[in-house]
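The values are calculated or read from the model by the stated rules, or taken from the named source; none is laboratory data. Please read these numbers as outputs of a predicted model, since none were measured by experiment. Here the Cβ positions follow ideal geometry from the backbone for every residue, glycine too, while neighbour counts run over all protein chains shown. Note: accessible area is taken over every heavy atom of the protein model, side chains too, but ligands, DNA and RNA are not part of it. Shrake-Rupley method; radii C 1.70, N 1.55, O 1.52, S 1.80 Å.
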Amino acid sequence: MPLTRRLQQVIEDLAAVDDPQERLALVIDRAKRIPPLAPAERVDVNRVAGCVSVVWIIPVMRGGVCEFRSDAESPVVRGLLALLCDYYSGVPPGTIVASETDPLEQTGLARNLSPTRRNGLASARTAIRAFATRNLSAPPATAARPVS
């Protein structure tokens, strides 16, 4: 599914909830169903620099597309990070690099976040895009690499 369609789907899913805090609660609730990263994956090489909350992203190239798993100590950041990783997972690196769209801004989820949280999530998005950039010409079955 193209990123524009993915974004439209996320916007439609969230539009059913009017209150911004309830929308955020919905995102957090969805993230609770995602298994946490194993302790062996919660290492510095997978940690995203620039986040006040401790954040990890596990990127992998599989079949010519990027796949991302994540975790964070803060439930709010964990939920928003899971949304970012879902949004970019299954997408070719060139598509990620070419896209300037910030799904958290476009959905309105970033609107009520503190500046430090917005900056931290921007760092996570930058790490995802950096991984995609490094893998523009990677073979389809590249092993996981650090995001920073």
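Data for the structure
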| quantity | calculated |
| --- | --- |
| Single residue of the range 45-55 satisfying the filter (hydrophobic (A, V, I, L, M, F, W, C) and more than 26 Å from S137 (Cβ to Cβ)) that is least open to solvent (accessible area, probe 1.4 Å) | V55 |
| The one condition in (1) in contact (Cβ under 8 Å) with a residue 60 or more places away in the chain; (2) in a helix (DSSP H, G or I) that R125 fails to fulfil | (1) |
| Among residues of the range 2-33, those that are among the aliphatic types (A, V, I, L, M), in contact (Cβ under 8 Å) with a residue 24 or more places away in the chain and surrounded by fewer than 16 Cβ atoms within 10 Å (Cβ to Cβ), counted | 1 |
| Leading residue by the ranking (farthest from R5 (Cα to Cα)) among those in the range 54-107 that are among the aromatic types (F, W, Y) and not in a strand (DSSP E or B) | Y88 |
| Qualifying residues in the range 34-44 (those that are of a type in the set (A, V, I, L, M, F, W, C) and more than 11 Å from A82 (Cα to Cα)) - the one least open to solvent (accessible area, probe 1.4 Å) | L37 |
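Residue-wise test of (1) modelled with pLDDT of 90 or more; (2) part of a helix (DSSP H, G or I).
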residue	(1), (2)
R5	yes, yes
Q9	yes, yes
D13	no, yes
D18	no, no
L26	yes, yes
D29	yes, yes
L37	yes, no
A40	yes, yes
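Rundown of residues vs (1) of a type in the set (K, R); (2) open to solvent by less than 10 Å² (accessible area, probe 1.4 Å); (3) at pLDDT 90 or above; (4) under 17 Å from Q8 (Cβ atoms), yes/no style:
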| position | (1), (2), (3), (4) |
| --- | --- |
| C66 | no, yes, yes, no |
| R69 | yes, no, yes, no |
| E73 | no, no, yes, no |
| R78 | yes, no, yes, no |
| L81 | no, yes, yes, no |
| L84 | no, yes, yes, yes |
| A98 | no, no, yes, no |
| R117 | yes, no, yes, no |
| A124 | no, yes, yes, no |
